[in-house]
Amino acid sequence: MNIKHLLLLTVAMVLFGCKTDDPMVTPPSISLKVGDFTHQGDEIPIGGKLSFGIVANGGGETLTNIRVQRIANGTVTTELDQGIFVENDDYEVELNAVKSEAQQEEWRFMAMNATRDTAITSLTIYLGEGTAYGPIKHFESIKIGMQDNEEYPHFLDVNTGTAYTNETVVGNEAKIDILGFVYLTSGEWSPTLNCPNYSTVPSYYPLISDWETRNSTLYDYNATDNDLVNLDEFIAAANDSLLVNSYSPGSTSGNCKYSYTGKLVPFKTQEGKYGIIRVKHADTTTDGYMDLEIKIQD
């Protein structure tokens with residue numbers, strides 16, 4: 001065998017004879033937990049609690065998005081659309097909601113990775129008999145200070161109606177759902193309802209950047225801006241029906257600006273509890289305060 005043939009044979013062995021298998025491409029995945037959660041085919045009365053335990057993985061790529069949609073009476077509602085950045089590990093999240101009046105609801109759960117590969121799972125639930133609207137808590141007046149106010153506490157645990165100062169909040173950070181501040185937006189000074197997990201809040205309350213747990217509370221800004229909640233109905237509300245039905249997940253944010261005196265603000269806590277805030281007083285100065293009347297699910 002001459003040198004030329006030997007060289008060609010060597011090249012062929014390198015290219016073909018010693019070729020390793022291509023690495024397997026692992027797609028993203030999403031699944032639902034069993035146990036104390038809502039399951040396929042469950043019959044839930046109107047107002048009854050829905051609870052989903054979601055486990056997602058990006059597969060061979062970074063997990064970048066979790067989306068949950070409810071399809072009822074021909075309408076698609078996005079209940080959760082969460083951007084994330086999780087490499088290698090499973091990502092777990094719980095979502096709580098309330099059964100609508102629809103006879104049938106399809107719930108779709110989607111996970112997307114950095115290459116936009118998507119995994120989808122779904123389940124269908126049905127309307128059960130009766131109603132399951134529940135009791136509420138009512139806090140008639142809670143005063144919280146804006147960012148420069150030194151008279152009133154700043155951080156509110158909406159489940160108990162307890163407000164904490166910069167000092168007393170230490171050790172209670174995981175309880176905090178609501179806070180307030182004033183900022184200039186679109187040329188107006190805006191009294192604003194916010195929450196610990198909102199991205200800009202440490203610029204108003206720097207100590208929050210060190211909190212291990214930062215809860216996310218979502219406010220329905222469309223209902224707030226357009227005065228969709230009736231004051232007489234709020235005053236008369238004795239169960240959580242109005243609270244649940246006033247909140248639309250399609251128009252929510254952790255930042256509810258223009259929360260002026262007289263506004264009614266539907267909200268949902270990290271824990272999944274629905275409520276409505278009546279802004280009885282809101283200053284437009286950074287050293288002012290808010291006076292809040294709150295009804296929330298018990």
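Summary of computed values
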| item | result |
| --- | --- |
| Condition met for GLY145 (touching a Phe, Trp or Tyr at 6+ places or on another chain (Cβ under 6 Å), in contact (Cβ under 8 Å) with a residue 40 or more places away in the chain, under 27 Å from ALA238 (Cβ atoms) and of a type outside the set (Val, Ile, Thr)) | no |
| Exclusive hit being surrounded by 16 or more Cβ atoms within 10 Å (Cβ to Cβ) and assigned by TED's automatic domain parsing to the domain that holds ILE46, set LYS99, LYS175 | LYS99 |
| Boolean, GLU94 is surrounded by fewer than 16 Cβ atoms within 10 Å (Cβ to Cβ), acidic (Asp, Glu) and in contact with a strand residue (DSSP E or B) (Cβ under 6 Å, 6 or more places away or on another chain) | yes |
| Every residue from segment 183-211 that is in contact with a helix residue (DSSP H, G or I) (Cβ under 7 Å, 6 or more places away or on another chain) and either surrounded by fewer than 12 Cβ atoms within 10 Å (Cβ to Cβ) or among the aliphatic types (A, V, I, L, M) (or both) | VAL201, ILE208, SER209 |
| Segment 262-290: number of residues that are of a type in the set (D, E, K, R), assigned to a strand (DSSP E or B) and crowded, with 17+ Cβ neighbours inside 10 Å | 2 |
| Unmet requirement for ILE125, which otherwise passes all of (1) farther than 30 Å from PHE181 by Cα; (2) not in a strand (DSSP E or B) | (2) |
| Selected residue [within 30 Å of GLY41 (Cβ to Cβ), of a type in the set (Gly, Ala, Ser) and surrounded by 12 or more Cβ atoms within 10 Å (Cβ to Cβ)] from GLY128, GLY161 | GLY128 |
| Counted residues, segment 38-67 - those being within 18 Å of the chain's Cα centre (by Cα) and either in contact (Cβ under 8 Å) with a residue 40 or more places away in the chain or not assigned by TED's automatic domain parsing to the domain that holds ASP117 (or both) | 12 |
| ASP232 surrounded by fewer than 20 Cβ atoms within 10 Å (Cβ to Cβ) and in contact with a Lys or Arg (Cβ under 8 Å, 6 or more places away or on another chain) | no |
| Of all residues making up segment 176-225, the number that are assigned to a helix (DSSP H, G or I) and farther than 23 Å from LEU264 by Cα | 7 |
| For GLY59: the one exception among (1) crowded, with 16+ Cβ neighbours inside 10 Å; (2) assigned to a strand (DSSP E or B) | (2) |
| Residues satisfying the stated conditions in segment 119-178, i.e. out of contact with any strand residue (DSSP E or B) (no Cβ under 7 Å at 6 or more places or on another chain) and small (Gly, Ala, Ser) | GLY171, ALA174 |
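The values are calculated or read from the model by the stated rules, or taken from the named source; none is laboratory data. On a predicted model such as this, the values are computed, not experimentally measured, just so you know. Neighbour counts are summed over all protein chains in view; Cβ atoms, including those assigned to glycine, are modelled from backbone coordinates with ideal geometry.
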